[in-house]
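Colleague: Could you have a look at this structure, given as structure tokens, before my questions?
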Amino acid sequence: MRASLSALRGIMAAGLVVTSLAGCSEPTRGRLPGPVPSGVEFRPAPDDAPPAPLLTLELTDGTTLDLAEQWDERPVVLVFFETWCTRCEVQQAPINDVVEEYEDAVLFVGVANLSEPAEVAAYVEDNDITYPVAVDPSGDATLRYAVAEPPLVALVGKDGSLLRGWPEGVEGDELSTAIRDLAVR
């Protein structure tokens, strides 16, 4: 697992125990997380948390991603963006830092609705996005998550409960804290 010293401290402070670190290498674009690191556990969602809308997304590499299969294993962070959204672009670098911090423990997925696939590919490259990204031309994901306009970030618990949404996006520190608060202490 690739992690900076400060990121590793954040994970350990949250009670996440990561038992081994793999060698450092350049991140692979669109990579799904590997197995959840041993010792990583998450709290169950509050009883009053609503279920997250189910989604099956087609990723930019052509593969299909069923989010319910993922949140059986780990929390999921959905990052709704558009290539023309300046606020999305400003928030992307801090989100990338959070992605690196929680590498295999949490799945991050980007979703663009109104942007053309070629524009999305350029945006992913220009903003160093390493997590999987889907283009949602039907707008189904956008409607199910009530995205009025980008950015919107949604945090789904390990059990599929919608824990938090941030219309207008979220700062990296706030997102990291929300994920860290899910950890079993």
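Colleague: Of the peptides 83-93, 128-138, 45-55, how do they stack up when ordered by the mean number of other Cβ atoms within 10 Å, highest first?
Modeller: Working: 83-93: 16.6, 128-138: 18.9, 45-55: 13.7.
Put in order of decreasing packing, that is 128-138, 83-93, 45-55.
Colleague: Right, something else. Taking 0.36 nm per residue of separation and subtracting the Cα-Cα distance, what length does fully extending residue 73 through residue 31 add?
Modeller: Extra length from residue 73 to residue 31 when fully extended: 13.5 nm.
Colleague: For the peptides 64-70, 120-126, what is the packing order when you average, over each peptide's residues, the other Cβ atoms within 10 Å and list the highest mean first? The partial results should precede the final answer.
Modeller: Numbers: 64-70: 14.3, 120-126: 16.3.
Result, highest mean Cβ count within 10 Å first: 120-126, 64-70.
Colleague: Let me ask another. If I model a spin label at residue 168 and residue 181 as a point 7 Å from the Cα along the Cα→Cβ vector, what separation in nanometres do I get?
Modeller: Reported label-point gap for residue 168 and residue 181 is 1.8 nm.
Colleague: With a Cα-only, solvent-free Debye model of the range 56-103, what are the log10 I(q)/I(0) values at q = 0.18, 0.27, 0.33 Å⁻¹?
Modeller: Result of the Debye calculation: -0.76, -1.10, -1.09.
Taken together, the values in this text are just the output of simple stated rules run on the coordinates, not laboratory data. Every value quoted in this text rests on a predicted model; they were computed, and no experiment measured them. We place every Cβ from the backbone using ideal geometry, glycine too, and count neighbours over all the protein chains shown.
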